[in-house]
Amino acid sequence: MRKYSVLYRVQALALAAAALAAGCATAPGERSSSNVQPPAPVARPAPVAEPLQAEVEGLSYDERAAVAADEGSPVREDAPLRYVVKKGDTLWGISQKFLVEPWQWPEVWIVNDQVKNPHLIYPGDVLTLIWRDGRPRVAREPELASDRLSPRIRESDLGAAIPVIPLDAIRDFLRSPRLVTLEQLKQAPYILDFVDLHIVGASGNGAYVKKLKRSHGSSLEAVRLGQSYIDPDTKELLGYEAIPVAQAEVREFAEPGTVMLTKSYRETRAGDYLIKPLSETFEANFYPHVPKGPFTGRILSVFDGVSQIGQYQVVTLSKGARDGLEAGHVLDILQAGRSAKDPHGIKYVALPETYAGQVMVFKLEDRVSYALVMSAIRPVHALDKVVKPGTRVAIE
């Protein structure tokens, strides 16, 4: 962590001001002088502690100026001194209120090592921004009563803790296209025909299936092949887009076997493959962090094939677990460079790549990964680059 010398100066100034206030009282707008006898102190009533309000309270002017002057500080200029966690908040959203880069949350969060899952935060918790040893820290308000943090018993359902990212935003991922390899397709059963002579199938229809084995399981997902996934940089065939069309339950393992379509997303056709469905459980409380070394990948596609990608949309990346990606990795999006015609020449000039937003990886495959767009300050498109934060070209 960087040293925040400017914050030391702020604390020193604050202590000096407090000492001066204790020794004399000067009316607003007056100047003190060694030749002028200060007026006698006026007795004032003891201050009454104000109740906590469920709102963001801004930093003082001096603290804002000090933080802004320190270019290396992770704290936002308009960071709150106190924030009350509300239902519907996410860790990412709260960290955006405190930090320039939300993924730096683990670096400023005061962690009690004696408590399991110390990053869990609940609605009603009061988070306070403080400085310790010259560094900004965020802590739950009760933990500020003493410098020594001790374990506390909390009778709260772990499911009530706020997630890192908005889980509702990735629920549609269960019905979004995903990658299947050629090896998977060779082993996958497929729909041969429908029991009641339908041209296409829907929920409630039975279907005959070839290559159905008990090892495939009794709950399957019917998918239709879409585009090929090719790495734009290496030209490697990563696999094929598998578009979910229906859920199916096995009625009989045989050759051919039979299944019942229990839920339809799109019309089901003969030739559609049956694969294992995605797990509906996602790890919601991973720590956001950046790759250790240099990293470059591409956005391959987005759910529903829209041309422009916005916040909280799920995208498929051209790199996966084999490339060192992990759940929680945060990457910057660089808008692919375009060309502009030189107004005083005949050639086109390549324009630099521009920072467009950030994604967070939440699910991994071997060759690809799936990420949620956390922010998008300008349009994002397929084939835009994703890189380790810090290598971006920022144009605000």
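The values are calculated or read from the model by the stated rules, or taken from the named source; none is laboratory data. All values derive from a computational prediction rather than experimental measurement. In this analysis, Cβ positions are derived from the backbone assuming ideal geometry, glycine residues included, and neighbour counts consider all displayed protein chains. Keep in mind that these areas ignore ligands, DNA and RNA; they rest on the heavy atoms of the full protein, side chains included. Shrake-Rupley method; radii C 1.70, N 1.55, O 1.52, S 1.80 Å.
Quick notes on this structure:
- Within the stretch 208-223, tally of residues that are within 13 Å of Gly271 (Cβ to Cβ) and assigned to a strand (DSSP E or B): 5
- Which listed residue is surrounded by 14 or more Cβ atoms within 10 Å (Cβ to Cβ), among the hydrophobic types (A, V, I, L, M, F, W, C) and out of contact with any Lys or Arg (no Cβ under 9 Å at 6 or more places or on another chain), from Ala242, Ala207: Ala207
- Pairs linking a residue in the stretch 356-376 that is under 16 Å from Thr90 (Cβ atoms) to a residue that is of a type in the set (Ser, Thr, Tyr) and open to solvent by 10 Å² or more (accessible area, probe 1.4 Å), with Cβ atoms under 7 Å and 6 or more positions apart or on different chains, are Gln358/Ser375; Leu372/Tyr312; Val373/Tyr312.
- Evaluation of Lys363 against the conditions (1) at pLDDT 90 or above; (2) basic (Lys, Arg); (3) touching a strand residue (DSSP E or B) at 6+ places or on another chain (Cβ under 7 Å) shows that the sole unmet condition is (1).
- Residue, nearest to Gln313 (Cα to Cα), within the stretch 335-355, restricted to residues that are aliphatic (A, V, I, L, M) and free of Cβ contacts under 8 Å to residues at least 24 places away in the same chain: Leu351
- Selection over the stretch 302-346 of residues that are under 18 Å from the mean Cα position of the chain (by Cα) and in a strand (DSSP E or B) gives a count of 12.
- Matching residues in the stretch 312-359 - criterion: being open to solvent by 60 Å² or more (accessible area, probe 1.4 Å) and either in contact with a His (Cβ under 6 Å, 6 or more places away or on another chain) or within 23 Å of Pro244 (Cα to Cα) (or both): Tyr312
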